[in-house]
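K.L.:
Provided herewith is a single structure, encoded as C-alpha cells, for subsequent inquiry.
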Amino acid sequence: MSEKKKLQYDVLILGGGPAGLSAAIYAARGAAKTAIIDISMFGGQPSNYLELENYPGFGKIGGYDMMEKFEEHAGMFDIDKYPMQEIEKIDLVSASKIIETKENIFESKTVIIATGAQAKKLGIKGEKEFTGRGVSYCAVCDGAFYKDKIIAVIGGGNAAVEEGCYLTKFAKKVYIIHRRDTLRADKIEQERAFKNEKVEFIFDTIPLEIQGTDSVENLVIKNVKTNEISNLKADGVFPYIGFSPNVDYINAQLQQNEAGFIITDETMQTSVQGVFAIGDVRTTPLRQVITAAADGAIAGCYAVKYLEAEEKASV
C-alpha cells in the first residue's frame, strides 16, 4: 500500500459546486494557495438541472452548461482540483486543519465547506427498496425511462413543480402530490403547471407506502383532512420535499441548527475560526445558484482576510 501524499494549502475548499468554485476564484485572486476537493466530479447539484432561467445575464441556460462555465472561469486561476476524493477523516478544530482522503492528506490554514445538500427521503415503506426501480430523485437523470408511463411527484415547491412539468415530456400523466392545499412554488411555475394538460394536482395528501413487484406499481396515499386512504397507480415516484445538508463527516465539530445546517455569520465564518461554510450546507433563507455563488465570493474574500490577520499576528 503506497504512502499517502501530504499537501499543504492556504485555502482548502470542500465541494466543487457553484459555491465552492466561486470561493476558489476569489481566494485565488487574493493570492492564496487554493485547492478544491470533491467526493465526486465538479459541478454539484446544478449539473443535473435541465435549465436555469433566474441567473442574471444568462437568460435560459442548461445546468450542466452553466457549471462548465464556472469550471472554465476557475481554470483561469492557479487552483488545484481533486475530484473523486473519498474523505476518511477531518479535523477542523486544530490550528492547522486536516482533511484526509484515501489518496492524500490535506493540511490547510483555512477550510471552506461547500458540500451542499441532498434530497430528503420520504421515509416510507418501499422507498428504499424501489430506489432505482421506480423511485428517483433526479428527473433529468431518469425521466426518459418513463415514456408513456404514470409518475407521482411528491412536493409543492419549485423543484417539485418544475421537475413535474419536465417529466411530462416523457410521461403520459404526472400527478403532483402536496400535503397542503396551496403550493410553495413561484407563481410563474404554478401557472405553467396548471396550464399543462398532463399535470394533475392532488392536494392535502401524503404518501404512505410505495408498492410493486420488480418495480413501482402503486402508491398508497392519504388525505390529511378526511383521513381517506386510497391507491394511486404509478410507475414512478419522484420525491422533491426539500434537502438535508451533507455534513456527516463534521461530527459536531461546528455549530449546526436542528436540521443539521451549519450556522455562520455574515462573513460565512462558522463557530470555528478559519472555517467557513457556504451554499446549501449552511443556514440561509434562499438556496439558489446565485446565492451559493455569492456565499462563495464572501467566504473566499474573508478567508484571505483571515490569513492576512493571522500573518500579521505572528510577526
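A short reminder: the numbers here are calculations on the coordinates, not readings from a lab. From a predicted model like this one, the values you see are computed outputs, not experimental measurements. Cβ placement follows ideal geometry from the backbone for every residue including glycine, while neighbour counts extend to all protein chains displayed.
K.L.:
Please check: in the Gaussian network model of the chain (C-alpha springs, under 10 Å), which one of Gly30, Gly155, Gly59 has the largest mean-square fluctuation.
P.N.:
Between Gly30, Gly155, Gly59, it is Gly59 that shows the largest mean-square fluctuation.
K.L.:
Still on this structure, I have one more. Work out how much length Gln255 to Leu286 would gain on full extension: take 0.36 nm times their residue separation and subtract the Cα-Cα distance, in nm to one decimal.
P.N.:
Net length gain for the segment: 9.2 nm.
K.L.:
What distance in nm separates the simple spin-label points at Arg133 and Glu51, each placed 7 Å from Cα in the Cβ direction?
P.N.:
If labels sit at Arg133 and Glu51, their model points lie 3.6 nm apart.
K.L.:
Here's something else I'd like to know. Give the cross-link partners of Lys125 among the lysines, using a straight C-alpha distance below 24 Å as the criterion and excluding same-chain residues fewer than 8 apart.
P.N.:
List returned: Lys149, Lys173, Lys222, Lys225, Lys233.
K.L.:
How big is the shadow of the Cα convex hull of the range 189-315, averaged over all directions, in nm²?
P.N.:
12.4
K.L.:
Taking 31 Å as the cut-off for C-alpha to C-alpha distance, list the pairs among Lys60/Lys81; Lys120/Lys169; Lys69/Lys128; Lys97/Lys128 that go past it.
P.N.:
From the list (Lys60/Lys81; Lys120/Lys169; Lys69/Lys128; Lys97/Lys128), the Cα-Cα distance tops 31 Å for Lys69/Lys128; Lys97/Lys128.
K.L.:
If you don't mind, there's one more thing I want to ask. Run through the DSSP bridge list for the range 121-239 and note the antiparallel percent, rounded to the nearest 5.
P.N.:
Counting DSSP beta bridges with both partners in the range 121-239, the antiparallel share is about 45 percent.
K.L.:
If you stretched the chain out fully between Asp148 and Asp91, how much longer would it get, using 0.36 nm times the residue separation minus the C-alpha to C-alpha distance?
P.N.:
Answer, rounded to one decimal: 15.5 nm.
K.L.:
Once label points are set 7 Å from the Cα along Cα→Cβ at both Phe58 and Cys141, what is their separation, rounded to one decimal in nm?
P.N.:
Here the answer is 2.0 nm between the modelled labels.
K.L.:
Here is a further query. Could you estimate the translational diffusion coefficient of the range 1-94 from the Stokes-Einstein equation, with Rh from the Kirkwood formula over C-alpha pairs, at 25 °C and 0.890 mPa s, in whole µm²/s? Before the final figure, lay out each step's value.
P.N.:
Values: Rh = 14.4 Å.
Using the Kirkwood radius from Cα pairs, D works out to 170 µm²/s.
K.L.:
How high is the FRET efficiency from Ile98 to His73, r the C-beta distance, R0 25 Å, rounded to 0.05?
P.N.:
Taking R0 as 25 Å, the efficiency between Ile98 and His73 is 0.30.
K.L.:
Expressed as a rounded percentage, what relative contact order does the range 110-240 have, with Cα pairs under 8 Å and six or more residues apart? It would help to have the intermediate numbers written out before the result.
P.N.:
Working: 270 pairs, mean separation 39.5, N = 131.
Taking the mean separation of contacting Cα pairs over the length of the range 110-240, I get 30 percent.
K.L.:
In vacuo Debye scattering of the chain, one point per C-alpha: log10 I(q)/I(0) at q = 0.07, 0.13, 0.15, 0.16 Å⁻¹?
P.N.:
For the chain, the Cα-only Debye profile gives -0.32, -0.95, -1.14, -1.23.
K.L.:
Binning at 5 angstrom from zero up to the longest distance, how are the C-alpha pair distances of the range 121-239 distributed in percent?
P.N.:
2, 13, 25, 25, 21, 11, 3, 0
K.L.:
With a 10 Å cut-off between alpha carbons and a GNM built on the chain, which of Glu200, Glu191, Glu68 moves the most?
P.N.:
Ranking Glu200, Glu191, Glu68 by mean-square fluctuation puts Glu191 first.
K.L.:
How many nm separate the modelled label positions at Phe203 and Glu311, each set 7 Å beyond the Cα in the direction of the Cβ?
P.N.:
That separation, rounded to one decimal, is 5.9 nm.
K.L.:
What order, most packed first, do the peptides 212-225, 37-50 have when packing is the mean number of other Cβ atoms within 10 Å of each residue?
P.N.:
Peptide ranking by packing, descending: 37-50, 212-225.
K.L.:
Starting from the Cα-Cα distance between Gln8 and Asp248, subtract it from 0.36 nm times their residue separation and give me the gain in nm to one decimal.
P.N.:
This chain segment gains 84.0 nm when fully extended.
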